[in-house]
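The values are calculated or read from the model by the stated rules, or taken from the named source; none is laboratory data. These figures come from a predicted structure and were not determined experimentally. For neighbour counting, all protein chains shown are included, and Cβ atoms are generated from backbone atoms with ideal geometry for every residue, glycine included. To get the accessible areas, we keep the full protein, side chains included, count just its heavy atoms, and leave off ligands, DNA and RNA. Shrake-Rupley method; radii C 1.70, N 1.55, O 1.52, S 1.80 Å.
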Amino acid sequence: MSFSASVLTLYPEMFPGALGLSLAGRALASGTWSLEAIQIRDFAGDRHRTVDDTPAGGGAGMVMRADVLANAIDHASPAGDPRPRLLMSPRGRPLTQARVRELAAGPGAVIVCGRFEGVDQRVIEARGLEEVSVGDFILSGGEPAALVLLDAVVRLLPGVMGNAVSGDEESFENGLLEHPHYTRPQEFEGRQIPEILTSGNHKKIAAWRRGEAERLTRERRPDLLAAHPLVK
């Protein structure tokens, strides 16, 4: 069964976007995964196709209406749909590589792209939306975040990466940032490839890479070390 993604958005023309290119695009064309972009406005009840209204209690901006969004979600994900329902939101739980792997191992995802000031809390609760954040910053809408999430997931689907092992040592896969990489030429602007990498001693190379990964993680993301008991 292929991975099936349904994206609820006010801007369906943003999809597949970059996901139609490179590895993700080839996998999309071959049927390894599928993508449906659904226009939320199609589920509004008035002739103006209104999807938002002023916030209860006052305040700036507009809020996406619960009834319109619920109609769109029910269309995309009827009763019995096993796919998780995700809402791209800066207040959501941070997206991790572990969660990406869980999603890639499943049947797909229904992804809601918020806009304006936010989404009516009642539809989040009533439709069991899992709020997901791709970082501690604010975007103009959930669409770029959805593209990021899908790119991370699709590359892990069976057959998408030419060499499945190539993802095993990437950043976050083992709780550490990835080690530095080098290739030809041997010398670049006076900088040499570390001698150990051309030694042919695979045991020493593996130890060097591990040590560099730990060093970079300690310097740049010490928070990761606290959750990685094998690193002292």
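A few notes on this one:
- Any hit, the range 179-196, residues being of a type in the set (K, R) and part of a helix (DSSP H, G or I): no
- Subset tally (residues that are in contact (Cβ under 8 Å) with a residue 24 or more places away in the chain and of a type outside the set (A, V, I, L, M, F, W, C)) for the range 212-230: 6
- Pair list, Cβ < 8 Å and 6+ apart or interchain, from the range 63-91 residues that are closer than 19 Å to P12 by Cα to residues that are surrounded by fewer than 16 Cβ atoms within 10 Å (Cβ to Cβ) and among the β-branched types (V, I, T): R65/T50; V68/T50
- Within the range 175-200, considering residues that are free of Cβ contacts under 8 Å to residues at least 40 places away in the same chain and closer than 30 Å to P94 by Cβ, the one most open to solvent (accessible area, probe 1.4 Å): H181
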